[in-house]
Amino acid sequence: MKSNWWKQAVVYQIYPRSFQDSNGDGVGDLQGIIQRLDYLEKLGIDVIWLSPVYQSPNDDNGYDISNYYEIQPEFGTMEDMEQLINEAKKRKIKIVMDLVVNHTSDEHPWFIEAKKGKENPYHDYYVWRDPVEGDVPNDLTSVFSGSAWTFDPQLEQYYLHLFSKKQPDLNWENEKMRQDIYEMMNFWLDKGVGGFRMDVIELIGKVPDEKVTANGPRLHEYLQEMNKHTFGQHDVMTVGETNSVTPEEAKLFSSEDRNELSMVFQFEHMVLDQQIGKSKWDLKPLNLTDLKKVLSIWQSALKDEGWNSLFWNNHDQPRIVSRWGNEQEYRVKSAKMFAILLHLMQGTPYIYQGEEIGMTNIKVNDLSQLDDIESINMYHERLEAGYSKEEIFRSINTKGRDNARTLMQWDTSEQAGFTSGQPWLEVNENYDAINAAQALEDTHSIFYCYQQLIQMRKNNPLIVHGDYQLLLEDHPTIFAYTRSYQGETWLVVANFSEETTDIALSDHPTSLVPLISNSEKENYDLQDLKLSPYETFAVQLERPLLSGDVK
Ligand code: GLC
Ligand code: CA
């Protein structure tokens, strides 16, 4: 029987390169993660989403897999992996593997075979097209800049790569290829993993000739087939990275009766600070009313059907305190605001490593400081297109993926306690002030706010199942909503700004003790709320708010 345990769970994402190095080579590894399991147990999380640890030439830091059955040597061995699964299990933590099956590395044996000739059985595992009038088959572009087609001079054919040229797309129309993927997934399920996070899964049904990439016609057929042949037999969680789905499409992925995935991980709220119709690098300020609208649409749409992930951060996003909060004066307060706002919503919350201590973006101003292939390719493309370096680095410092990938800041020792050697990426120089050791000592730290939220979710079915209702829809700086379940109603209010803000949410005087907050106040009067910058609280109401209550 399936228990849907993942509806109550909180997930913590680890980017292994940056989490903890155990042997001084400057690269995080599996033994490093094992050393830090007690820390994660203390935080209270149920699941680790482990970014890829398979063998990879690291063109895209592991999202280009050259062997699905082997552990990347710099991360450790298969024994280390088994040990991690077991040690995590002892602490009631499940390991969810990141699974990249839209593409492989160009160094994967399948691709090496595929290039040997059109008659090779593996040729059709990938997407090949003949040149059209001596040129690319069409103008599909790669997410990492430039054409999505690369010419192979031996075969005189182009292969498709929606990401880098070292990430050729698999051809999901090939049944044999699909069976090989399912076999590999079963290998991992047999090892006892808690499920899969499925990288860019919405792309596997692509029809390149029609320039259809996301949500292709056979996508759901493939997912149902995969479910049937692999994880459908196990009580595990599966989360699909779905970049561009609508709530209606999300239901197709995640409604229980469709036997596809447990939940989607969608990004509609993550594109609100980019210019419409342009790329992530074309910045615009966030409008809070847009954010409220988008998050609320998803809360309502998946209420009875389907399941959503809740997140502000991952390894592809900048740090939320720097992005939409205040990384200076109100760093702790705004980080707690984000935590409370998100964790009291419906869905499965994800914490990205370092978020629980309020880690911030880094500032770079030279190409040599970049590691991320997406940023590096954009840098060259935009420089050539005439953008100034200042402009390019403004985009990179605001949105670049390296912001999320700097070393986990453990303590004040050199390299933030991440490594005793030379780290693969620079440490954020603020680690003296922002680190896990400091957070653990301070009972008012962001860490303990997350810990409290995780416990609240475990103890209150209202958080998991309650109805959601947005209040003050058009208020430019207040984000307020209620959750109601079995006669109980909670109110969550956040001042999403640096200004002190007065509001009244009721005609009656009240004196409510907060269930959680980021201030020292002992009680809240809804008739007369004076909220300090980023002040956020949740209270249980004595009666549901009436529509007339809200001004
Ligand atoms: C996903 C991953 C990202 C990776 C890309 C290609 O979006 O999250 O890190 O670069 O897929 O695999
Ligand atoms: Ca190491």
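Placing pseudo-labels 7 Å out from each Cα toward the beta carbon at LYS458 and HIS380 gives an inter-label distance of 4.9 nm. Between ARG258 and LYS176, what FRET efficiency follows from the Cβ-Cβ distance if R0 is 25 Å, with the result rounded to 0.05? It comes to 0.50. Each of HIS343, HIS444 was scored by other Cβ atoms within 10 Å of its Cβ. Arranged with the fewest first, they read HIS444, HIS343. To the nearest ten degrees, helix 446-459 and the longest principal axis of the Cα atoms of the chain are 90 degrees apart. The slack in the chain from SER300 to GLU499, taken as 0.36 nm per residue of separation less the alpha-carbon distance, amounts to 68.7 nm. Between ASP282 and ASP528, the simple spin-label model (points 7 angstrom out along Cα→Cβ) gives 5.0 nm. In a reduced charge model with +1 at each Lys and Arg Cβ and -1 at each Asp and Glu Cβ, the chain shows a dipole moment near 1160 debye about its Cα centre.
Report summary: the helix-based calculation at 222 nm, which adds -39500 (n - 2.57) for every DSSP H run with n ≥ 4 and divides by the residues of the chain, gives -8000 deg cm²/dmol.
Neighbour counts of C-beta atoms inside 10 Å place LYS458, LYS284 in the sequence LYS284, LYS458, starting with the fewest. Among the trypsin sites (Lys or Arg not before Pro) in region 337-400, those placed in a DSSP loop whose Cβ has at most 15 other Cβ atoms within 10 Å are LYS363.
Modelled this way, with points 7 Å down the Cα-to-C-beta line, the labels at GLU414 and ASP507 are 6.9 nm from one another. Just to verify a number: FRET efficiency for GLU473 and ASP25, C-beta to C-beta distance, R0 = 45 Å, to 0.05? Efficiency, rounded to the nearest 0.05: 0.30.
How much of the DSSP bridge set in the chain is antiparallel, in percent, rounded to the nearest 5? In the chain, DSSP labels about 60 percent of beta bridges as antiparallel. Any chance you could give the angle, 0 to 90 degrees and rounded to 10, that helix 78-90 forms with the longest Cα principal axis of the chain? Approximately 20 degrees, to the nearest 10. Using the alpha carbons alone, the radius of gyration of region 330-395 stands to its Kirkwood radius in an Rg to Rh ratio of 1.14.
Using the Kirkwood radius built from alpha carbon pairs, what does the Stokes-Einstein equation give as D for region 156-218 at 10 °C and 1.306 mPa s, in µm² per second? The diffusion coefficient I find is 118 µm²/s. Legend: residue pairs LYS206/LYS251; LYS90/LYS333; LYS89/LYS333; LYS191/LYS228; LYS284/LYS363; LYS116/LYS165, Cα-Cα distance threshold 22 Å; pairs beyond threshold, LYS90/LYS333; LYS89/LYS333.
Taking all Cα pairs closer than 8 Å and separated by 6 or more residues, the relative contact order of the chain comes to 13 percent. GLU70 label point, 7 Å along Cα→Cβ, cut-off 17 Å on backbone N: hits in region 83-122? Under 17 Å, as judged by backbone N against the label point of GLU70, lie 104-113 of region 83-122. Convex hull volume of the Cα atoms of region 78-209, normalised per residue: 119 Å³. Remark: the MET78-ASP38 segment gains 12.2 nm on full extension, using 0.36 nm per residue and subtracting the alpha carbon distance. Compared with the dominant principal axis of the Cα atoms in the chain, helix 175-190 is inclined by about 50°. Name the residue from VAL193, TYR68, PRO217 whose Cα lies farthest towards the positive end of the charge dipole of the chain, charges +1 on Cβ of Lys and Arg and -1 on Cβ of Asp and Glu. Most positive-ward Cα: VAL193.
The slack between ALA437 and THR246, meaning 0.36 nm per residue of separation minus the straight C-alpha distance, is 64.7 nm. Note on the chain: Kirkwood hydrodynamic radius from all Cα pairs is 24.5 Å, rounded to one decimal.
We did not get these values from a lab; they are worked out from the coordinates using the rules stated. Nothing here was measured: the structure is a model prediction, and the numbers come from that model. Positions of Cβ are backbone-derived with ideal geometry, glycine not excepted, and every protein chain shown enters the neighbour counts.
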